[in-house]
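The values are calculated or read from the model by the stated rules, or taken from the named source; none is laboratory data. The structure presented is a predicted model; accordingly, all values stated were derived computationally and were not measured. Note that each Cβ is placed from the backbone with ideal geometry, even for glycine, and that neighbours are counted across all protein chains shown. When the accessible area is computed, the model is the full protein with side chains, heavy atoms only, and any ligands, DNA or RNA have been set aside. Shrake-Rupley method; radii C 1.70, N 1.55, O 1.52, S 1.80 Å.
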Amino acid sequence: MNWLIRAARLLGGEPADLLIRDGRIAGIGVDLDGAGAEVLDAEGLVALPGLVDLHTHLREPGREDAETVETGTRAAALGGFTAVHAMANTDPVADTAGVVEQVWRLGREAAHVDVRPVGAVTVGLAGERLAELGAMAESAARVRVFSDDGRCVSDAVLMRRALEYVKAFDGVVAQHAQEPRLTEGAQMNEGELSGRLGLRGWPAVAEEAIIARDVLLAAHVGSRLHICHVSTAGSVEIIRWAKSKGWDVTAEVTPHHLLLTDAVTATYDPRYKVNPPLRTDADVIALREALADGTIDVVATDHAPHPVEDKECEWDAAAFGMLGLETALSVVQATMVDRGLMDWAAVADRLCVAPARIGRCDSGEYAHGRPLAVGEPANLVLLDPAAERIIEARELSSLSRNTPYDGMTLPGRVVATFLRGRPTVLDGKLA
C-alpha cells in the first residue's frame, strides 16, 4: 500500500507532505498528489527517521517467560523503533553462528521491527576465551556488534584480543564497564545514601576504571570500542578525553540514567534496581550535557524485561533491569527537548543515525538510520509532542511489567511507525 502523510513536521521543522511508494519515500513537498495512496493527516506531528536501539534484551531463546522476539519488538514498534540490536545474554548464549542465526530468523518470522543479533565476546559470557566472532560475522545474521553485556570483559588480554579480532570485519566491541571485584554484592550507587540505607555501594570508579583501560586498549590496537550505558560524570570526562585524541570510541546513555537519580532507591522499590545503578543529580546533569554536545553518541534503552517473581521481591533478591522501549522517546523529550538541550534533529541523530552507523546497519536492503529524503527507505515515526500520557505498567506491550515510570506522566505519544513503507503502528496501536 502507498501512503501520503500530510503536513508532518520533518525533524520538527516546517510542515511538509511525505509520499511513500513501494516502501520508499517518493516525494517531499507541499500539496503533493497522492492519487491512489492512503492519506494520513499528520498536522502537528513531528516526523523522525525510524528509531534504532543498540541495546535491547529480547530474552528469546531461553527466557520466554520474560520476553519474546514478538512481544519485545511489539513494544519497540509502539515506541517508534524500526530496528533493535538483540543482546547476547540469552539461554543458550548467542556465542555461535547457530544461535545468532536463530535469533535473526526469529526476527524475520515474528518481529515487528528488524532484529540485529549481538554476538557474545566470550564463550558463555564467562570471560575466559573468545567466542566464534568471525563465524558470527560471516553468518546470515552478519553480526557487527559484540558484547558480554550483563558482564564485563574484565581480563585486559582477552579484551585486547577481541578488539584486534573484530577489526578484520569492521566490528565493534560494546563493553559493559564494571570492574567485578569492586562491585561484589553491590546494590546501588555508593555514597552517603547507600550507607544510610544499609545497601552495599557501587562506586563510580568501578565503571570509570574499565572505560579508561579500554579506550587506551582500543587506541593501541586501532579498533572500534563502544561503551554501554554510561552512568557517571567521571566516565563522561574519560570518553571526552578519548574522543579529543581522535580515537574511535563511542558511548551510549539510557533514558533512565537521564531522568532518575539514586534518591528513588530510598523507597526500596526493586523497579529502580538496575545495572549500572542510578547515580546522583550531578551525574545526571553531566550525562545530559554530554548527550547534547555529542560526547555521548547514542540513547540506547537497555530494555531489560523480567518476570514478576524476579522483581516483586526483596531488594537484595531482585534482578537488575528496567523496561525501556515504549517510553524512551518520551523520556528523551522530557529530559532533553523540553529543557532546550536538544532539538528534534539532534534526537534523530542520537536515536537513529548514530546507532545505525555504530551497528553498521545503515546500508543495504535493510538499511536504517537514513535521512528522510526522496529515494530513501520509508522507515519513520510520527510523534505528537503536545500529548501527555500516564504510564501504566499493565498497559505496556512487553510480557514483563518492570517499568520505573509506572504512574508517571510523560510527554509525547507515538502516533505511527512505518517500516519500509508498511505501518506497524497506526493511531498509537499495532497496525
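Would you mind checking the tilt of helix 281-293 against the longest principal axis of the Cα atoms of the chain, expressed as 0 to 90 degrees and rounded to 10? For helix 281-293, the angle is close to 50 degrees. Ellipsoid fit via the Cα gyration tensor, the chain: semi-axes of 33, 25, 21 Å, each the root of five times an eigenvalue, largest first. Taking segment 315-359 and a reference point 7 angstrom along Cα→Cβ of residue 409, the backbone N atoms nearer than 20 Å belong to 327-340. Axis of helix 69-78 versus longest Cα principal axis of the chain: the two differ by about 60°, to the nearest ten degrees. Cross-link partners of residue 245 among lysines, defined as those whose alpha carbon lies under 27 angstrom from its own and excluding same-chain residues fewer than eight positions apart: 167.
Relative to its Kirkwood radius, the Cα radius of gyration of segment 287-342 gives an Rg/Rh of 1.12.
Expressed per residue, the C-alpha convex hull volume of segment 132-213 stands at 96 Å³. Within segment 29-91, the proportion of Cα pairs with more than 16 Å between them is 59 percent. Compactness of segment 79-181 was expressed as the Cα radius of gyration divided by 2.2 N^0.38 Å, which yields 1.03. The value given for segment 246-398 is a Kirkwood hydrodynamic radius of 17.1 Å, derived from the mean inverse Cα-Cα separation. Once the Cβ-Cβ distance of residue 388 and residue 14 is raised to the sixth power relative to R0 = 30 Å, the FRET efficiency obtained is 0.75.
Accessible surface for segment 1-107, divided over its residues, is 35 Å² per residue with a 1.4 Å probe. Residue 57 contributes about 10 Å² of solvent-accessible surface, heavy atoms of the protein only, 1.4 Å probe.
Does anyone have the angle between helix 156-166 and the longest principal axis of the chain? Alpha-carbon axes, 0 to 90°, nearest 10? In the chain, helix 156-166 runs at an angle near 30 degrees to the longest axis. Computing Rg and the Kirkwood Rh from the Cα coordinates of segment 1-133 gives a ratio, Rg/Rh, of 1.14. Note on the chain: with neighbouring protein chains present and a 1.4 Å probe, carbon and sulfur make up 48 percent of its accessible heavy-atom surface.
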